[in-house]
Amino acid sequence: MITFYPGPAKVYPQIGKYTQQAVEQGILSQNHRSPAFVELSSQTIRLLKQKLAIPLDYWVFYTSSATECWEIIAQSLIQKQSYHVYNGAFGEKWAHYTKKLGVNTTQYAFDPTTLLDIKQLTIHPTHELIAITHNETSNATALSSSFLHDLRQSFPEQLIAVDATSSLGGVQLDIAQADVWYASVQKCLGLPAGMAIMLCSPKAIERALAINERNHYNSLAFMIEKMQDWQTTYTPNILNIYLLNQVLQQVPSIDKVDKIVKQRAQAYYSFFEKLEGLQLLNENPAVRSATVISLKGSLNRIAHIKNLAKQKNIILGNGYGKWKDTTFRIANFPAIEDFEIELLKDFFNAAMN
C-alpha cells in the first residue's frame, strides 16, 4: 500500500533497516540512565538542532505525543490565563484541553479561508501564554512566517507556544519567533508514532523554573533537571529516539527539504486546480498548507474516490471534523517519494475521466 494519510504517515523506507540495527546494537535494552543512552540522546539533539536550524540555546525534550505537550504547557508554563488562537479542530482541542486542566482560557477562532489579522487579537498582559497552531492538519491551512514574526514583535512579554505537528521537519520554521514548539514524529519526520519533540526557549525554561511546578511525572521542572544530563524523567521511546537519530543523519538540512516540499506542494495545487470533479478545500492560496492538501466534493464522490484508491493500493487521508465525509487529505511529507506522487496523479487522471 502507498499511504498519503497525514499521520501516522509513511515512514522512511530505511526504517526497517534502522530498526534491525537498533536490535543488533543492543540499544533497545539500554537503561535510560546509561552512558549509551546519554550518548544517543545528546547526539540526536545536536543533529536535530543542526538539521532543523534550531537555535543552540533552545532546549529539546522527548515526550510521548503532541497531546502530552498540551498537558506539560498547561501544568508548567501557565499559572492562570492563556490565549488560544485557532481556525480548526486541533487548535480548538488544545484550548479545550487546557481549560480542563484548570487554566482560564481566552479563545479566538478565525475563518480558515482568511489570513489571520493580528489587530483582532485582544491579548492582555494577564495572558501568560499565546497558543497558536502553525499548520492546522484538519483543514490544511498554515500561518505565514511573517505572521509569527509580527506576533512576536507585538507581544514580547508573553510566551508563545506553537503546534507544529504537521510542519516541523517539512518546512523551514523561524524557531526564534516562539518560545515553545512541539510536533509528533509520525508526520514530517517520517517515523513510527509514539513520540513527540518539544522545543523550549531560554525564556520558557526560566518561566518553568520560576513556577517550579513539580506535581507530575512530566512536570517541566523535572524534565529540565534530567535533560541537563541528556536524560528523561521516565523510560522514553528509545527505539524512536534511535530512529530519529538515523533519519536525521540521512536527510538534507531543512532549507533544502523546505524547497522540495514547497515545489511539490505547488505542483499538487496546480494539478488539482485543473482536475474536474473535485475542488481544493482552501480556495485562498495565501492560507494553504505546503505539507497537507485537502480536497472536497460530494459525499458520494469522496467515498467513491477513496474506495477506488484502496483498490489501487493507495490510502488517502480521511477528512476531519465537520469535513469528515466531504473531503479527503493528502500528506506532502518528505518521506513520500516522487514516483509515489506520480502514481497518485495517474490515479486521479484515470479516476476522474
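The values are calculated or read from the model by the stated rules, or taken from the named source; none is laboratory data. Computed from a prediction, not measured in an experiment: that's the story for all the values here. A quick note on method: Cβ atoms are made from the backbone with ideal geometry, for glycine too, and the neighbour counts reach across all protein chains shown. What goes into the accessible areas is simple: the full protein's heavy atoms, side chains included, and nothing from ligands, DNA or RNA. Shrake-Rupley method; radii C 1.70, N 1.55, O 1.52, S 1.80 Å.
How long is the gain from Asp325 to Gln21 if the chain were fully straight, where each residue apart is worth 0.36 nm and the alpha carbon distance is subtracted?
Values: separation 304, 0.36 × 304 = 109.44 nm, distance 4.15 nm.
Gain on stretching Asp325 to Gln21: 105.3 nm.
Once label points are set 7 Å from the Cα along Cα→Cβ at both Ala303 and His149, what is their separation, rounded to one decimal in nm?
Calculated label separation equals 4.8 nm.
What is segment 138-223 by shape, rounded, prolate or oblate, if you read a ≥ b ≥ c off the alpha carbon gyration tensor as root eigenvalues and call it rounded for a/c under 1.5, prolate for a/b larger than b/c, and oblate otherwise?
Numbers: a/c = 2.56, a/b = 1.14, b/c = 2.24.
Verdict is oblate for segment 138-223.
Which value, in Å² and to the nearest 10, is the accessible area of Ile54 when all protein chains are kept and the probe is 1.4 Å?
10 Å²
Please give the calculated 222 nm ellipticity per residue for the chain, where each DSSP H segment of at least 4 residues contributes -39500 (n - 2.57) and the sum is spread over every residue; nearest 500 deg cm²/dmol? If you can, show how the numbers build up before the last one.
Working: 11 runs with 141 residues, N = 353.
Taking each H run of at least 4 residues, the total per residue is -12500 deg cm²/dmol.
Quote to one decimal, in nm, the extra length available between Lys226 and Leu56 on full extension: 0.36 nm per residue of separation minus the C-alpha distance between them.
Working: separation 170, 0.36 × 170 = 61.20 nm, distance 1.82 nm.
Gain on stretching Lys226 to Leu56: 59.4 nm.
Taking the highest mean first, how do the peptides 33-39, 45-51, 311-317, 7-13 order by number of other beta carbon atoms within 10 angstrom per residue?
Values: 33-39: 14.0, 45-51: 18.0, 311-317: 16.1, 7-13: 19.7.
Highest mean packing first, the order is 7-13, 45-51, 311-317, 33-39.
How high is the relative contact order of segment 57-169? Use alpha-carbon pairs under 8 Å, at least six apart in sequence, and give a whole percent.
On the way: 152 pairs, mean separation 31.3, N = 113.
Normalised by residue count, the contact order of segment 57-169 is 28 percent.
Would you mind computing Rg(Cα) / (2.2 N^0.38 Å) for segment 47-147, counting N as its residues?
Working: Rg = 14.5 Å, N = 101, 2.2 N^0.38 = 12.7 Å.
The reported ratio for this selection is 1.14.
Test of understanding: what is the full-extension gain from Asp346 to Asn104, defined as 0.36 nm times their sequence separation minus their Cα-Cα distance?
Numbers: separation 242, 0.36 × 242 = 87.12 nm, distance 5.03 nm.
Difference between extended and current length: 82.1 nm.
Quote the charge dipole size of segment 291-353 about the Cα centre in Debye, to the nearest 20; the model charges only the Cβ of Lys and Arg (+1) and of Asp and Glu (-1).
Values: 9 positive and 6 negative charges, 94 e Å.
Here the size comes out at about 460 debye.
Using each residue's phi in segment 329-335, evaluate 6.51 cos²θ - 1.76 cosθ + 1.60 at θ = phi - 60° and report the 3J(HN,Hα) Karplus result to the nearest Hz, with x for Gly and Pro.
3J(HN,Hα) across segment 329-335, in whole Hz: 10, 10, 6, 10, 9, x, 6.
Can you give the charge dipole size of segment 28-107 about its Cα centre, rounded to the nearest 20 debye, using +1 on the beta carbon of Lys and Arg and -1 on the beta carbon of Asp and Glu? Walk me through the numbers before you get to the answer.
Details: 8 positive and 5 negative charges, 11 e Å.
For segment 28-107, the charge dipole is close to 60 debye.
For a Förster distance of 30 Å, can you work out the FRET efficiency between the beta-carbons of Ile118 and Lys312, rounded to the nearest 0.05?
Details: r = 44 Å, r/R0 = 1.48.
Rounded to the nearest 0.05, the efficiency is 0.10.
Taking a ≥ b ≥ c as the square roots of the Cα gyration tensor eigenvalues, with a/c under 1.5 meaning rounded and otherwise prolate when a/b beats b/c, else oblate, which class fits segment 168-207? All intermediate terms of the calculation are to be shown ahead of the outcome.
Numbers: a/c = 5.07, a/b = 1.71, b/c = 2.97.
Since a/c reaches 1.5 but b/c is at least a/b, the shape of segment 168-207 is classed as oblate.
Tell me whether segment 1-111 comes out rounded, prolate or oblate; compute the Cα gyration tensor, take square roots of the eigenvalues as a ≥ b ≥ c, and use a/c under 1.5 as the rounded threshold.
On the way: a/c = 2.40, a/b = 1.63, b/c = 1.47.
It comes out prolate by the Cα gyration axes.
In what order, largest first, do Glu128, Glu157, Glu337 sit by accessible area if the probe radius is 1.4 Å?
Working: Glu128 35, Glu157 140, Glu337 70 Å².
The ordering from most to least exposed comes out as Glu157, Glu337, Glu128.
Of the beta bridges DSSP finds with both residues in the chain, what % are antiparallel, to the nearest 5?
On the way: 22 of 43 bridges.
Looking only at bridges with both residues in the chain, the antiparallel portion is about 50 percent.
Find the centroid of the Cα atoms in segment 218-252 and in segment 152-216, then give the distance between the two in whole Å.
Computed from Cα coordinates, the inter-centre distance equals 14 Å.
Using only alpha carbons, build the gyration tensor for segment 216-353 and give me the equivalent ellipsoid semi-axes, biggest first, whole Å. Mind showing how you got there, number by number?
Numbers: eigenvalues 270, 69, 48 Å².
Sorted largest first and rounded, they come to 37, 19, 15 Å.
Taking R0 as 51 Å, what's the FRET efficiency between Lys203 and Glu337 from their Cβ-Cβ distance, rounded to 0.05? Don't skip to the answer; put the middle values down first.
Numbers: r = 40 Å, r/R0 = 0.78.
The computed FRET efficiency comes out at 0.80.
With r defined as the distance between the Cβ atoms of Ala210 and Gln43 and R0 fixed at 35 Å, what FRET efficiency is calculated, to the nearest 0.05? Please report the intermediate quantities before stating the final value.
Values: r = 31 Å, r/R0 = 0.88.
Approximately 0.70, to the nearest 0.05.
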